[in-house]
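Heads up, the thing below is written out as structure tokens.
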Amino acid sequence: MNKRTLWAGALSVAIAASGVYGYSAVQAAGSGQTTPAGTQAAAKQQKQLIGMEKAEQLALAAASGKVESIDIDRKKGKLVYDVEIQQSNRDVDVWIDAYTGKSLGVIVDRDDDDDDRDSIPGNLIGAGKASAIAVKHVKSGTAVEVDLDHDDGRWVYDVEVKTAKGSSEVEVNAVSGKVIKAEYEKYDDHDDDDHDDHDDHDDWDHDDHDDDRDDD
């Protein structure tokens, strides 16, 4: 359940803008190259990400179990949803093509030592639904990573949502689906200190103190 670091830069911003991006443009963004505006516009008409919820459904069809995390990553030159699934005696990663939904492989984690294996409840809302809740809460953007975690006595999904202007970290109760808190961070635009310091905190959204820690 360790949170993984996604690649940064133009690719993240491009995905965040609309959830739509062409493969040629993705290649350029991932390599740090600049993609012409016309190419980006054409690419956006051609390809659209299938989304976390669909990726979760397809991954569970390929390998049953409990989804611990989903993140957008690049595998063997393809943009994929990397879905980590906990099974009774092992963890597996299922790679789902981010555009076509095709399963690109099931990889067994033979070095699994997850101490929380037996304690994950069976009534979780699911990583895909948590991602949709987070995006709705942020009001725009694309979920690029979801991680199941046990925090302060309750199970939560930590969801990263990227927009054209920044990223949000949204914590969602894994049983009730309630948003616990959210933090927004703008992308660095290299301006001087003429930004209001409070801007980075205005987008914090704390729900009323939760008393639902008995959900687990």
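Note on the stretch 26-61: residues that are open to solvent by 50 Å² or more (accessible area, probe 1.4 Å), small (Gly, Ala, Ser) and modelled with pLDDT of 90 or more total 1.
On the basis of being open to solvent by 40 Å² or more (accessible area, probe 1.4 Å) and within 27 Å of Pro121 (Cα to Cα), does Ser69 make the cut? It is false that Ser69 is open to solvent by 40 Å² or more (accessible area, probe 1.4 Å) and within 27 Å of Pro121 (Cα to Cα).
What number goes with the only condition from (1) farther than 16 Å from Lys66 by Cα; (2) touching a Ser or Thr at 6+ places or on another chain (Cβ under 8 Å); (3) not charged (D, E, K, R) that Ala127 does not pass? For Ala127, the exception is condition (1). Residue count for the stretch 114-148 satisfying the condition of being at pLDDT 95 or above and acidic (Asp, Glu): 2.
Residue-wise test of (1) out of contact with any strand residue (DSSP E or B) (no Cβ under 7 Å at 6 or more places or on another chain); (2) exposed (fewer than 15 other Cβ atoms within 10 Å of the Cβ).
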{"site": "Thr142", "(1), (2)": "no, no"}
{"site": "Gly153", "(1), (2)": "yes, yes"}
{"site": "Tyr157", "(1), (2)": "no, no"}
{"site": "Lys162", "(1), (2)": "no, no"}
{"site": "Ala182", "(1), (2)": "no, no"}
{"site": "Lys186", "(1), (2)": "no, yes"}
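Screening Arg90 on (1) touching an Asp or Glu at 6+ places or on another chain (Cβ under 6 Å); (2) open to solvent by less than 30 Å² (accessible area, probe 1.4 Å) shows it passes everything except condition (2).
The values are calculated or read from the model by the stated rules, or taken from the named source; none is laboratory data. Bear in mind that the values here come from a model prediction, so they are computed numbers and not experimental data. For neighbour counting, all protein chains shown are included, and Cβ atoms are generated from backbone atoms with ideal geometry for every residue, glycine included. For accessibility, only protein heavy atoms count, side chains too; no ligands or nucleic acids. Shrake-Rupley method; radii C 1.70, N 1.55, O 1.52, S 1.80 Å.
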